[in-house]
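Shown below is the structure under consideration.
The values are calculated or read from the model by the stated rules, or taken from the named source; none is laboratory data. The model shown is predicted, which means the values in this text are computed figures rather than measured ones. Don't worry about glycine lacking a Cβ; one is built from the backbone with ideal geometry, like all the others, and counts go over all protein chains shown.
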Amino acid sequence: MSNEVGENHGNVVQAHHVGAIHLTSPEPAPTALDGLRAAGESFTGRDEELAELSGTTGLSVVSGLAGVGKTELVLRHAESGDFPGGKLFVDLQDYDDERRVSPAQALEEFLSALGVRDVPPTETARAALFRTITASREPMLVVIDNVRSARTVRPLLPKGQRTIVTSRHLLTGLDDAHHLELGLLPAAEAAEIVGDAELAELCGRLPLALRIMAALRRSDPGHDWAAELREVQLDLLDDGDERSVRAAFELSYRALTEEQRRLFRLAVLIPGSVVTAEAASVVTGCTEARARRLVRDLRAAHLFEPGDRFHDLVREFAGECVRGHEEKEIRDQAFSRLFHHFADRAEQMDAALDTPKQSEALHWFDRHRPMFVILALSALMMRHLEEGGRLAWAVHRYLEARGHWDDLTLTDTLAVDAARNLRDSWLTAIAQVRLGHTLLLTGEDEQALVKLHDAWKVVHDCNEPTVIRHALEGLITAYERNERLEDARLARADFDRIFRPGSR
């Protein structure tokens, strides 16, 4: 056997005789393709959402409020699916600055789980290798949890595999994804977790809060947890270990820009259940167009519910934020702007009801109706008597036309209270006449008679026929309904005397 080497660039060994040669390759790297934990035992319901995930291929984004159960839903879906190519899971913890996992780190985890020994050093190379490997595998599931932005998750998306991303944001930048927004649990399913319907509602039907409360109930079944929860709310919804509703909300809050955080804080000062762009612009001092964009941002972050409303527990958290970050003077100035603005606008819209702009005015009233009663009440309590009275007075015709009788009674009552606090006996009497007619409409005949009788004592000798007519017509009706027929006859005689031809 001979061997000739022309140019040697290393050690050369020549053997006189070589027997059998055995070529071997390194042992394949171990894989870790079933690392998803099981869904929690308290998981219940969500049948429609599970069916929707099961009926979808490619990329899905499951979004929703912190603590609403996004991860648990995906884990339960993973248990029911058939993924022969394996399951990959990574929690990016993208809302926690101290624990965040970068895309490069996540790709290293994925490639290691897939058996890659020599992971490339750069994120770009890792992403390319990940897509190459996953493209040729049997069907697999990739779960990417706690994603904050579309930009973060794009390098982690495999090629041709079932992928589910969870986020507190809508991630609308992932255009090709199927989007599933996860809402609160239905009342029955929420009660099943915590074992009590009242507690379920006090927990806002939020799964995280429900699971914490269920554990507390198990620790002390005889305690009145509902009473304590009503008293301390977020302080109670914390197990002292790793589950805390306040901490979950805090991470969502920190992920906002400073401008978004400021609107979130000040929006809690807006009375009623709906945060309108107009009201948001008033409390923050920005333009209405800018406020509309910020409100959309908060809805996309699921800190506002659909319809631009606060979840009850989120409202409590926002209240803590505004008290902790905004001086009392700033809060008082925001309230003052609200009272002045909506008193002025309500008067303008009330006047517009008699013009071709009636439909526009009705739309404005409809949009802001949830705030009228509580805003007028807040104005009176904070001694903004004039603005509270003006607002209550200006919404009367709208509320009557729409048949919102409870709100109408309350606002008319507040108009009377405002006039009394202003020590204006004439305005009080006129407001009582209006309230009396409202009470007649709602069947409160005895109360109506009291109000109309008191008002008549003040207005009977005034020089305003419209006021006298309105007061007397109401008083006659109230006497008749309360079966005071002689009083009704006398009042009708006064009416005929005053308004007969040739009189005033």
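Which one of these does Thr132 not meet: (1) touching a strand residue (DSSP E or B) at 6+ places or on another chain (Cβ under 8 Å); (2) outside any loop (DSSP other than H, G, I, E, B)?
(1) is the only condition that Thr132 fails.
Follow-up question, since we're still on this one. Within the stretch 240-250, can one find any residue that is polar (S, T, N, Q) and free of Cβ contacts under 8 Å to residues at least 60 places away in the same chain?
Yes, because at least one residue in the stretch 240-250 is polar (S, T, N, Q) and free of Cβ contacts under 8 Å to residues at least 60 places away in the same chain.
While we're looking at this one, here's another question. Which members of the stretch 233-244 meet the condition of being part of a helix (DSSP H, G or I) and modelled with pLDDT under 90?
Once the filter is applied, which keeps residues that are part of a helix (DSSP H, G or I) and modelled with pLDDT under 90, the stretch 233-244 yields only Gln233.
Quick check on my filter: what residues within the stretch 187-201 are under 15 Å from Asp312 (Cβ atoms) and surrounded by fewer than 21 Cβ atoms within 10 Å (Cβ to Cβ)?
If the condition is that a residue be under 15 Å from Asp312 (Cβ atoms) and surrounded by fewer than 21 Cβ atoms within 10 Å (Cβ to Cβ), then Ala187, Glu198, Glu201 are the ones that fit.
Another question, then. If you take the residues in the stretch 67-107 that are assigned to a loop (DSSP other than H, G, I, E, B) and hydrophobic (A, V, I, L, M, F, W, C), which one is surrounded by the most Cβ atoms within 10 Å (Cβ to Cβ)?
Val68
Condition check: crowded, with 23+ Cβ neighbours inside 10 Å and either farther than 25 Å from Gly443 by Cα or small (Gly, Ala, Ser) (or both). Does Gly403 satisfy that?
In short, no.
Does Met349 satisfy being farther than 15 Å from Leu435 by Cβ, modelled with pLDDT under 95 and not charged (D, E, K, R)?
no
When His169 is evaluated against the numbered criteria (1) in a helix (DSSP H, G or I); (2) crowded, with 20+ Cβ neighbours inside 10 Å, which criterion, by number, is the only one it fails?
(1)
A follow-up question, please. I'm trying to understand the selection: among the residues of the stretch 245-288, which are modelled with pLDDT of 95 or more, under 30 Å from Arg217 (Cβ atoms) and not in a helix (DSSP H, G or I)?
Val268
Just the residues that are part of a helix (DSSP H, G or I) and within 22 Å of Gln348 (Cβ to Cβ), please, taken from the stretch 392-409.
Answer for the stretch 392-409, where residues must be part of a helix (DSSP H, G or I) and within 22 Å of Gln348 (Cβ to Cβ): Ala392, Trp393, Ala394, His396, Arg397, Tyr398, Leu399, Glu400, Ala401, Arg402, Asp407, Leu408.
Looking at (1) of a type in the set (Gly, Ala, Ser); (2) assigned to a helix (DSSP H, G or I); (3) at pLDDT below 95, which one does Gly222 not meet, given that it meets all the others?
(2)
Residues checked against (1) touching a Ser or Thr at 6+ places or on another chain (Cβ under 6 Å); (2) over 19 Å from Asp454 (Cα atoms); (3) in contact (Cβ under 8 Å) with a residue 12 or more places away in the chain:
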site: Met371; (1), (2), (3): no, yes, yes
site: Ile374; (1), (2), (3): no, yes, yes
site: Ala379; (1), (2), (3): no, yes, yes
site: Met382; (1), (2), (3): no, yes, yes
site: Gly403; (1), (2), (3): no, yes, no
site: Ala415; (1), (2), (3): no, no, yes
site: Leu422; (1), (2), (3): no, no, yes
site: Ala429; (1), (2), (3): no, no, yes
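Report whether or not His363 is modelled with pLDDT of 95 or more, within 30 Å of the chain's Cα centre (by Cα), over 22 Å from Arg423 (Cβ atoms) and loosely packed, with under 14 Cβ neighbours inside 10 Å.
Considered against the rule, which asks whether it is modelled with pLDDT of 95 or more, within 30 Å of the chain's Cα centre (by Cα), over 22 Å from Arg423 (Cβ atoms) and loosely packed, with under 14 Cβ neighbours inside 10 Å, His363 comes out as yes.
So, one more: So Asp224 fits all but one of (1) over 25 Å from the mean Cα position of the chain (by Cα); (2) buried (at least 21 other Cβ atoms within 10 Å of the Cβ); what number is the exception?
(2)
Next up: If the requirement is being of a type in the set (Val, Ile, Thr), touching a residue at least 12 places away in the same chain (Cβ under 8 Å) and buried (at least 22 other Cβ atoms within 10 Å of the Cβ), which of these qualifies: Val274, Val282, Val322?
Exactly one of Val274, Val282, Val322 is of a type in the set (Val, Ile, Thr), touching a residue at least 12 places away in the same chain (Cβ under 8 Å) and buried (at least 22 other Cβ atoms within 10 Å of the Cβ), namely Val282.
Taking the stretch 42-93 on its own, how many of its residues are in contact (Cβ under 8 Å) with a residue 12 or more places away in the chain, within 18 Å of Glu181 (Cβ to Cβ) and under 24 Å from the mean Cα position of the chain (by Cα)?
Looking only at that region, the number is 21.
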